[in-house]
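Enquirer: Quick one: structure below, then a few questions.
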Amino acid sequence: MNSIILKSAAIAFASVAASLLLTLIIVPALGFPVNRTIWLSSTLCPLVLAWVACASTFWQSDRLKNAHRELARAHAQLAAAHRRLSEKASRDDMTGMLNRESFFAALDGSRRKSDRGALLIIDADHFKKINDSFGHLTGDDALLLIASAIERGVRSGDVLGRIGGEEFGAFLVGATEQEAKRVAERIRREVELIRFRPVDERTIPLTVSIGGTVCGEDVNVSELMRAADRRLYQAKHGGRNLTILDTDISAAA
């Protein structure tokens, strides 16, 4: 407000100065004397009119600037809220990993950027027995422990998702066959080392079976999933708590 008054006053006094200068030039040129009435008219009229007009203009301009700032702030908050909602919608509520749809979208995006990598499908062993024996809340606790073990087993930059009830997916970006085997075995060991004691200090073993495939050139996501699923089926029926990787997807098909 103070700045509006000061700016209006400056313009008003400049208008008075201009008015007096014109009066001193024009009135004598017309043959009239510069009397008191003319002096007052030349001073007060521009002073009042310019001050009021400028104050109103500056006030409206200031309101517009404030409104613009508020609009920009609201837009930034809305954009941040939209990002948070988009991020939340792409995540599994319980584990925080990507949900099924977002995982496969990320997998497809990674495949478009590079042919190299490996897909692992990780399935918790005997999980229905845990739910039936201890209830679904205890089963959720076990899943969270397994999810944490998987996160510890993968590398920075790998893509993780929960793609089923007790089934997880891991895309190992740029991984070679040997790297994929090491990561899969590290995940299996991390889960096996969990000491899960839901009741009475009795340890319930947690294990996972892992099926995987190294990405071949020009192989789409559906073909990768089928190949990894086949190896997961072999791991399940081979005794569980196993990792089996497909290194030649065309031969497996």
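Enquirer: Counting only heavy atoms of protein chains, what accessible area per residue, in Å², does the stretch 100-246 have with a probe of 1.4 Å? Could you put the intermediate results ahead of the total?
Expert: Working: 7300 Å² over 147 residues.
Per residue, the stretch 100-246 has 50 Å² of solvent-accessible surface.
Enquirer: If you don't mind, there's one more thing I want to ask. Gain in length, ALA76 to SER148, computed as 0.36 nm per residue apart minus the alpha-carbon separation, to one decimal in nm? Each step should come with its number before you reach the end.
Expert: Details: separation 72, 0.36 × 72 = 25.92 nm, distance 3.38 nm.
My answer for the length gained is 22.5 nm.
Enquirer: Report the number of Lys pairs in the stretch 100-246 whose alpha-carbons are under 27 Å apart, with separation of 8 or more residues or on distinct chains.
Expert: Details: LYS113/LYS181; LYS128/LYS236; LYS129/LYS236; LYS181/LYS236.
Here the count comes out as 4.
Enquirer: Give me the orientation-averaged projected area of the Cα convex hull of the stretch 100-246, in nm², one decimal. Write out the running numbers ahead of the final one.
Expert: Numbers: hull surface 32.8 nm².
Result: 8.2 nm².
Enquirer: Using a 7 Å offset from the Cα along the Cα-to-Cβ direction at both ALA89 and THR138, what is the distance between the two label points in nm, to one decimal?
Expert: The answer from the label model is 3.8 nm.
Enquirer: Shifting gears a bit: Which order do the peptides 178-187, 162-171, 132-141 take when ranked by the mean count of other beta-carbon atoms within 10 Å per residue, highest first? All intermediate terms of the calculation are to be shown ahead of the outcome.
Expert: On the way: 178-187: 19.0, 162-171: 21.5, 132-141: 13.6.
Most protected by this proxy first, the peptides run 162-171, 178-187, 132-141.
Enquirer: Enumerate the calculated ³J(HN,Hα) couplings along the stretch 170-179 in order (Karplus 6.51 cos²θ - 1.76 cosθ + 1.60, θ = phi - 60°), each rounded to whole Hz, writing x wherever the residue is Gly or Pro.
Expert: Per residue, the Karplus-derived 3J(HN,Hα) values read 9, 9, 8, 5, x, 6, 7, 4, 5, 4 Hz.
Enquirer: While we're here: For THR243, enumerate residues with amide H under 5 Å from its amide H, sequence gap 5+ or separate chain, H modeled in the peptide plane.
Expert: When sequence neighbours closer than 5 places are left aside, the close amide H contacts are ILE210.
Enquirer: I would also like to ask the following. Using modelled backbone amide H atoms (1.01 Å from N, in-plane), which distant-in-sequence or interchain residues come within less than 5 Å of GLY117's amide H?
Expert: The answer is GLY174, ALA175, CYS215.
The values are calculated or read from the model by the stated rules, or taken from the named source; none is laboratory data. Computed from a prediction, not measured in an experiment: that's the story for all the values here. Heads up, the Cβs are rebuilt from the backbone with ideal geometry, glycines too, and the neighbour counts pull from every protein chain shown. Accessible surface is based on the protein model in full, side chains and every heavy atom, while ligands, DNA and RNA are left aside. Shrake-Rupley method; radii C 1.70, N 1.55, O 1.52, S 1.80 Å.
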